[in-house]
Every structure is written in C-alpha cells, then in structure tokens.
Amino acid sequence: MPDKKHLRGMCDMSTPFRIGIAGLGTVGAGVVRIIRKNAELLEKRAGRPIEIVAVAAKDRKRDRGVDLSGFDWVEKAGDMATRKDIDAVIEVIGGSEGVAADLVRASLENGKHVVTANKALLAHHGYELAQLADEKGVCLMYEAAVAGGVPIIKALREGLAANEIKSIYGILNGTCNYILTTMRQTGRNFDDVLKEAQAAGYAEADPAFDIDGIDAAHKLCILAAIGFGVKPDFDALNIEGIRHINSTDIAYATEFGYRIKLLGIARRENGKILQVMEPCLVPIESPMGIIDDVYNAVYVEGDFVETPLLTGKGAGQGPTASSVVADIIDLARGHRLPAFGIPARDLKDAVWADPGETMNSYYLRLMVIDKAGVIADVSAILRDKNISIEGLVQRGRAPGQPVPVIITTHETRHADMMEACDLIEKLDCCVEKPRVMCIEEL
Ligand code: HSE
C-alpha cells in the first residue's frame with residue numbers, strides 16, 4: 001500500500017510556490033539564474049509562480065554573477081526550516097553531516113519539502129530522512145544528487161517503475177571520466193589532468209572524493225536503493241578509485257579494444273545484490289565505452305523495458321541546477337512521491353553479494369624484471385589458482401630492468417584473482433604492486 005500522505009497532493013495552485021535556498025555556491029547560484037531567466041516558462045509548467053523568498057550563504061559580499069536583490073538574506077541557514085513563508089527548502093550546501101544535514105532534518109521535521117543535491121547525505125542518512133519525510137507527509141527530492149543534469153532519479157523512480165530492475169551500471173563521476181578521457185587523448189599524466197578538472201569546476205572540494213570513487217559510490221548507493229527497494233547502505237559498498245591507473249593501462253586497454261571507466265555496478269546475483277564501484281575495462285563501442293569527458297551515463301536492465309541508457313553532463317552549474325529546478329517544479333505542481341519510490345517502511349535491508357565470489361575476466365598489469373623464468377613463475381601462480389590466461393603481452397626489451405607485462409584472463413573467481421596477485425607481488429622479479437581490473441563485457 002502506498003503511503004497515503006503522499007497522495008494528498010495538498011497544494012494551493014493559486015499562490016506562488018515559495019522556496020528558500022541554502023547555499024549560493026556553483027549550484028545555488030545556478031538555481032537563482034534559471035529561476036530568474038525562465039520565470040515565465042517555469043510558471044506555465046508548474047501552474048504557479050516559483051518565488052525565491054530567502055537565501056543563505058556564508059559570504060554575503062561575494063559576486064556570484066546573479067542578481068540576488070529582493071531576497072531575504074538569512075544569517076543562519078537553519079532558520080529556514082521554521083519560516084512560515086517557505087514551502088520548500090533547497091539545500092545546496094553539501095556534506096553528510098553538519099549544517100546541511102541539520103537543515104534537511106529540521107526542514108522535514110517542520111513539514112517542509114526538501115530539494116537537495118547532497119548525495120553524501122542521502123547515501124549515509126537516506127533511510128532515516130526518507131522515514132522522516134514519510135512521517136511528516138512531505139517530499140525529499142534529489143534529482144541533482146546523481147549524475148548532475150541526467151534525470152536518472154525520475155527515470156528510475158517513475159519512468160521505469162513497471163520493471164523489476166536486474167542491474168544498474170553507471171559512470172557517475174564527471175571528474176574521473178574527464179581525467180581518464182584526457183589521459184587517453186593527450187598522453188598526459190594523472191596529476192596534471194586532475195588539476196585541470198579542478199580548475200574547470202567539476203571536482204569536489206576534496207579531490208579524494210572524486211578520484212577515490214567516493215562521490216560516485218554515494219550516487220550508486222542511491223540508485224541501488226531505488227532500483228532494488230533497499231535501504232541505502234554506503235558501508236556495504238566496495239570502492240576503488242582511479243589513482244593507480246597509468247598511461248600503460250590506458251594504452252593497452254585501447255590495444256585490446258577496451259576503454260577504462262570508473263564503473264558503478266549494482267546487480268542482482270543469486271538472490272543477493274552486488275554493489276561495487278571500481279575502474280573496469282569495457283568494450284570501446286559499448287554503451288559505457290562511448291561515454292567520454294565530463295559526461296555521466298546510467299545503463300539499466302529492466303525485465304520489460306530491456307536496456308535504456310541515459311547520458312548527459314554529470315557536473316557543472318547548468319546541468320546540476322537544471323535538475324534542482326526540475327524537482328522544484330514537480331513540488332510546485334503538487335507531484336508527491338516517497339524518497340526512494342516506495343514508502344520508507346517497505347525498504348528492505350539488502351542481502352549483499354560477496355564481491356570475492358563474483359566471476360569475471362580480468363586485466364592484470366605487472367611490472368617485472370626482464371629475465372628468464374619470470375613468465376613461468378607468474379603463470380605457475382595463475383595455474384595454481386585455476387586462472388586461465390586469455391592473452392599476454394610484453395613489449396620492449398630491457399634485460400635486467402623492469403618491463404610491463406599485461407595479462408588478460410578468462411572468467412575467474414574474484415577472490416582467486418586477488419590471492420594470485422598477492423603471491424605474484426611476493427616474487428623477487430615483481431617490482432610494483434600488480435594492478436588488476438575487471439573486464440565488463442557490457
Ligand atoms: N564532482 C562530481 C563529478 C560532480 O565530478 O562528477 C558532483 O557530483
């Protein structure tokens with residue numbers, strides 16, 4: 001039974017829909033810009049004017065390139081939660097704890113709808129907040145939290161609601177995709193390209209959130225909750241970032257017909273749900289292989305819809321603010337639905353699959369001394385772990401010096417692959433930690 005509170009659609013369409021915006025960084029300023037520029041269009045679509053009543057930001061004086069006149073400046077963002085002249089609080093401050101989290105809780109508690117772009121908050125506290133929203137009969141909206149301008153929340157929560165979801169694959173971090181694409185296209189190194197992404201305004205305040213896969217994992221965990229009707233559980237995610245990927249990997253992946261992508265995978269496996277975020281090799285011409293630069297993409301497998309792919313810019317002011325405003329329009333129209341598509345009380349504790357038990361083909365990069373017997377030692381370890389080699393390449397000649405050796409495997413149990421890597425690393429000839437990535441034949 002759906003929670004009836006969501007069906008009431010209590011809203012007076014004759015009055016403006018009044019919002020308070022907490023945070024005037026890139027996204028907050030973008031929201032103001034859209035509401036100012038497209039006011040007439042938004043009014044037609046929402047059926048009523050959208051009115052910014054109040055704004056809050058740390059620095060009042062900073063020029064944000066938008067007209068902020070006529071809005072009430074609120075000293076403490078938290079005060080928006082209790083204002084009678086605000087219907088929805090727009091939280092674009094960020095962070096899973098602190099001011100943003102307190103504001104979202106207090107706003108829901110006080111019966112206000114919330115629109116947020118805060119994926120960390122949802123990944124860590126989504127279940128509790130969804131419960132609170134249900135209890136108070138208000139909505140928690142977060143289209144902008146996942147894949148920026150790509151309307152994947154709406155698609156998964158509504159457009160694909162007829163389907164049992166089998167799997168979700170996502171390229172969910174624009175910064176990582178930009179770095180990997182630029183490294184491939186220019187041959188430049190990782191640190192150099194990261195700096196460029198940060199300067200372009202795509203990166204998180206803490207770059208580790210992007211390059212270590214945390215930001216993308218927050219988003220995957222939200223998608224898995226909607227897709228599989230489970231409580232978001234960030235701690236259940238296996239996460240690996242892209243710091244260790246070098247130009248050798250990128251060149252060999254291309255040679256083998258693959259692209260390297262930081263890929264989020266959430267899929268049903270033998271009655272359990274697998275949830276991992278890791279760099280993978282995907283075929284160049286596959287739905288994920290063709291997604292480059294700052295673009296994000298989500299590929300869903302449903303039992304009736306088959307395999308829709310949504311793609312677009314996953315970061316930046318315009319795309320992210322566009323998604324925030326879409327949520328505001330939905331609320332102004334009176335559209336109501338539970339945060340994760342079903343009442344929070346029906347969200348299940350997922351039974352997570354053990355990534356160690358998954359079967360995959362692998363790409364393995366070794367740096368080993370160029371001398372007799374090395375390949376024999378390595379292949380003996382692989383043989384003992386029942387790992388079948390599909391391809392092996394060593395180019396160049398450097399007797400007594402380290403050279404890269406690239407191996408691809410047939411389907412192998414993940415745990416066996418990891419154990420083999422540990423043993424290879426202990427060989428005297430091995431001068432670097434072996435690097436291993438899944439090959440996902442999407
Ligand atoms: N830093 C994120 C990215 C954008 O690079 O995709 C906001 O989630």
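Taking 0.36 nm per residue of sequence separation and removing the Cα-Cα distance, the Asp63/Asp303 pair yields an extension gain of 81.4 nm. Placing R0 at 35 angstrom, the Cβ-Cβ distance between Asp293 and Asp349 gives a FRET efficiency of 0.40 after rounding to 0.05.
Once the piece of chain linking Ile389 and Glu411 is laid out straight, how much longer is it, given 0.36 nm per residue of separation minus the C-alpha distance between them?
Numbers: separation 22, 0.36 × 22 = 7.92 nm, distance 0.95 nm.
Gain in length upon complete extension: 7.0 nm.
Computed from the Cβ-Cβ distance with R0 of 35 Å, the FRET efficiency linking Lys37 to Glu269 stands at 0.15. Projecting label points 7 angstrom from Cα along Cα→Cβ for Asp377 and Gln185 puts them 4.2 nm apart. Adding -39500 (n - 2.57) for every DSSP H run of four residues or longer, then dividing by how many residues the chain holds, sets the calculated 222 nm ellipticity at -10000 deg cm²/dmol. Annotation for His244 and Thr82: the two label points, set 7 Å from Cα along the Cα-Cβ direction, are 5.1 nm apart. Within straight-line reach of Lys313, meaning a Cα separation under 28 Å, sit the following lysines at least 8 residues removed in sequence or on another chain: Lys37, Lys44, Lys58, Lys119, Lys154, Lys166, Lys195, Lys219, Lys231, Lys261. In terms of its alpha-carbon gyration tensor, the chain comes out prolate; a/c meets the 1.5 threshold, and the first ratio a/b outweighs b/c.
When the accessible area of the chain is split by element with a 1.4 Å probe, what percent falls to carbon and sulfur?
Numbers: 8950 of 18440 Å².
Its accessible area is 49 percent carbon and sulfur atoms.
For a paramagnetic label modelled at 7 Å from the Cα of Thr254 toward its Cβ, which residues of the stretch 166-185 fall within the zone defined by backbone nitrogen distances under 11 Å? Counting only backbone N, you get 181-185.
Could you sort the peptides 405-415, 130-140 by per-residue average Cβ neighbour count (10 Å cutoff), highest mean leading? Don't skip to the answer; put the middle values down first.
Details: 405-415: 18.4, 130-140: 21.3.
Highest to lowest by the protection proxy: 130-140, 405-415.
Once you have the Cα-Cα distance between Glu128 and Ala199, take 0.36 nm times their residue separation minus that, and quote the gain in nm to one decimal.
22.0 nm
The values are calculated or read from the model by the stated rules, or taken from the named source; none is laboratory data. Here the structure is a predicted model, which means the values were calculated and not measured. Don't worry about glycine lacking a Cβ; one is built from the backbone with ideal geometry, like all the others, and counts go over all protein chains shown. Just the protein is used for accessible areas: all its heavy atoms, side chains included, with ligands, DNA and RNA removed. Shrake-Rupley method; radii C 1.70, N 1.55, O 1.52, S 1.80 Å.
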